[in-house]
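Here is the structure we will look at, set down as structure tokens.
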Amino acid sequence: VDRDRCQRLDLSGNTKNWFLTGNPDSHGNFIGKGLRCLLNVPNTEVYRNARHSLGRFCFQSFQPLEEKIPSLQISSGGQLPRHFSAWNVQIIRSFHTSPSLQAAPVPLFWIIVKPAQKLFAIILGRSIRNWWKALPPNKRELFKESARRNKWKILLGVSSLGVVFVMFYFTHLEETPITGRARLLVFGKEHFRELSQMEYDMWMEEYKSQMLPETDARYQVVERVVGHLSESNKDIPQVSAVKWVIHVVDEPGVNAFVLPNGQVFVFTGLLDAVSDIHQLSFILGHEIAHAVLEHAAEKASLVHFLDFLSLIFLAMIWAICPRDSLAVVGQWIQSKLQEFMFDRPYSRTLEAEADKVGLQFAAKACVDVRASSVFWQQMELAETIQGQPKLPEWLSTHPSHENRAEHLDRLIPQALKIRESCNCPSLSGPDPRLIFRLNMQHLLESSKGRETPNSTKQDVSKPKLDFPHT
């Protein structure tokens, strides 16, 4: 294998980005512990004969991944059973890839000033409306006539204000690390150090009694996965410059997130939800990608820019609407339009980008990247079993499980090339995506075989699926 291929791989984002345009909220989806029987792929020896390269871009550790990281089947007592009773499917809490504070943190000053800005715009617009109502009819006509005479001056003033916003936008564009995407960045990473520390203190205070010790086997699994990912991607300055600190929370929620300052939080519910070490590696690679790509600063910059721009429309709404009740409705419509036309689509774009970069991180760590899409198929299956309604994608800040799996399937061929160019051992055994489809087919056939004659009267929108014993 030509080691120089690592240098020629298009890691700058010049390849086509398969960004998604919508999804139902991923925070409303569930995963059952019994789902791990759907992907009961035996542990292979694919890493045993690994040839590890110290090429320019591919940094591999001197131990195979599966030798460094013990089996993921861990319980609170130290060892998880390798198989669960397939009849005891426990649906646990929803999966979050980013907590709300991390999704759009802003500098503390703007957190305080933001409500005051909106209040000022409302007072200004309402004052203009009351002033106009108090004018005598003859003065109103004089004012309208003056506005008609000076319409070009007014248009020039409005255009100048628009030019200022456009210039501000283009003068604050920066290039995203790794992908090279142009993005607005008003707040730099340094602005988030204090806020990240405050958020870290908040999480540590909330879960101080649930933190696993470093001697716990589950903590060691996460520590080794993160260490392997960071070591394999240390050629990237944004990865090597951060000290990644691990925190494992004994909490059933399927949750994982990384703060901008490198604090990694993983809930034990996630360790129960993933089927193997490859799925866990991809998920943590996705979360690390959020921090490396500075998505928190980017999202805060966009929110700040849009909020400042919306103050003009907010003042206009309160000035034009004849009554306060109509102005309140207009303000609500304006905020929802901003949310669903800009905020949520942009969040989905960032999630898709983190999936792409996280998959590259996992590929360079010699992870079986094919398992990434299987995880989201399992999440989709859990949602179906739970009977959760599927919301339109445009209502969510995250891509849907189904579209996320399809997006990853399109990226997997490129990730496999990255993996191959980094002198990773060849993948042996069946494709986990094929195993999942075959088990799903067997599951559906078994479910149909157990249907009673009266089963046609059941609600087909909530299928009752029984898992065969593993």
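The values are calculated or read from the model by the stated rules, or taken from the named source; none is laboratory data. Computed from a predicted model, the values in this text were never measured in an experiment. Using ideal geometry, Cβ is built from the backbone for each residue, glycine included, and neighbour counts are taken over all protein chains shown. The area values use the complete protein model at the heavy-atom level, side chains included, leaving out ligands, DNA and RNA. Shrake-Rupley method; radii C 1.70, N 1.55, O 1.52, S 1.80 Å.
Search the range 161-183 for residues that are without any contact (Cβ under 8 Å) to a residue 12 or more places away in the chain and pair each with any residue that is of a type in the set (Ser, Thr, Tyr) when their beta-carbon atoms are under 9 Å apart and the residues are at least 6 apart or on different chains. Final answer for the pair search is ALA182/THR176. For the structure I just gave you, tell me whether LEU302 is modelled with pLDDT under 95, in a helix (DSSP H, G or I) and surrounded by fewer than 22 Cβ atoms within 10 Å (Cβ to Cβ). Judged against the criteria, LEU302 is a match.
The residues listed here are LEU434, LEU381, LEU395; of these, the one that is free of Cβ contacts under 8 Å to residues at least 60 places away in the same chain and either surrounded by fewer than 23 Cβ atoms within 10 Å (Cβ to Cβ) or over 23 Å from LEU229 (Cα atoms) (or both) is LEU434.
Of all residues in the range 123-134, none satisfies being of a type in the set (S, T, N, Q) and at pLDDT below 90.
Checking each residue of the range 438-446 against the condition of being over 24 Å from LYS356 (Cα atoms), open to solvent by less than 20 Å² (accessible area, probe 1.4 Å) and either at pLDDT 80 or above or among the hydrophobic types (A, V, I, L, M, F, W, C) (or both) gives at least one match. The sole residue among GLN338, GLN388, GLN334 that is closer than 23 Å to ARG181 by Cα and either more than 18 Å from the chain's Cα centre (by Cα) or without any contact (Cβ under 8 Å) to a residue 24 or more places away in the chain (or both) is GLN338.
For the range 398-431, the set of residues classified as within 30 Å of MET341 (Cβ to Cβ) and either in a loop (DSSP other than H, G, I, E, B) or open to solvent by less than 70 Å² (accessible area, probe 1.4 Å) (or both) consists of HIS398, PRO399, SER400, HIS401, ASN403, ARG404, ALA405, HIS407, LEU408, ASP409, LEU411, listed by residue number. Whether a residue is touching a strand residue (DSSP E or B) at 6+ places or on another chain (Cβ under 6 Å), farther than 30 Å from ILE277 by Cβ and not acidic (Asp, Glu) was assessed, and LEU173 passes this test.
Scanning for something part of a helix (DSSP H, G or I), more than 19 Å from ALA415 (Cβ to Cβ) and not hydrophobic (A, V, I, L, M, F, W, C), does the range 356-363 turn up at least one residue?
In the first step, residues of the range 356-363 are kept if they are part of a helix (DSSP H, G or I); the result is 356-363.
Next cut, more than 19 Å from ALA415 (Cβ to Cβ) only: none.
No: zero hits.
Any residue at all in the range 277-292 that is surrounded by fewer than 23 Cβ atoms within 10 Å (Cβ to Cβ), touching a residue at least 40 places away in the same chain (Cβ under 8 Å) and of a type in the set (S, T, N, Q)? Taking every residue of the range 277-292 in turn, none turns out to be surrounded by fewer than 23 Cβ atoms within 10 Å (Cβ to Cβ), touching a residue at least 40 places away in the same chain (Cβ under 8 Å) and of a type in the set (S, T, N, Q).
Does ARG410 count as among the basic types (Lys, Arg), in contact with a helix residue (DSSP H, G or I) (Cβ under 6 Å, 6 or more places away or on another chain) and under 16 Å from LEU359 (Cβ atoms)? Judged against the criteria, ARG410 is not a match.
So which residues in the range 115-144 are among the β-branched types (Val, Ile, Thr) and open to solvent by 90 Å² or more (accessible area, probe 1.4 Å)? Can you show your working first?
Taking the range 115-144 as the starting set, the residues that turn out to be among the β-branched types (Val, Ile, Thr) are 122-123, 128.
Listed by number, the list holds a single entry, ILE123.
For the structure I just gave you, tell me whether ALA273 is among the aliphatic types (A, V, I, L, M) and open to solvent by 10 Å² or more (accessible area, probe 1.4 Å). Considered against the rule, which asks whether it is among the aliphatic types (A, V, I, L, M) and open to solvent by 10 Å² or more (accessible area, probe 1.4 Å), ALA273 comes out as no.
Under the condition of being within 20 Å of LEU302 (Cα to Cα) and of a type in the set (Lys, Arg), which residue from the range 328-366 is surrounded by the fewest Cβ atoms within 10 Å (Cβ to Cβ)? Can you show your working first?
Our first condition is that a residue be within 20 Å of LEU302 (Cα to Cα); within the range 328-366, this holds for 331-354.
Next, from what is left, pick out any that are of a type in the set (Lys, Arg): 336, 344, 348.
Working: LYS336: 10, ARG344: 20, ARG348: 24.
Top of the filtered list is LYS336.
In the set (1) more than 16 Å from the chain's Cα centre (by Cα); (2) surrounded by 24 or more Cβ atoms within 10 Å (Cβ to Cβ); (3) β-branched (Val, Ile, Thr); (4) part of a helix (DSSP H, G or I), the condition left unmet by VAL369 is number (4).
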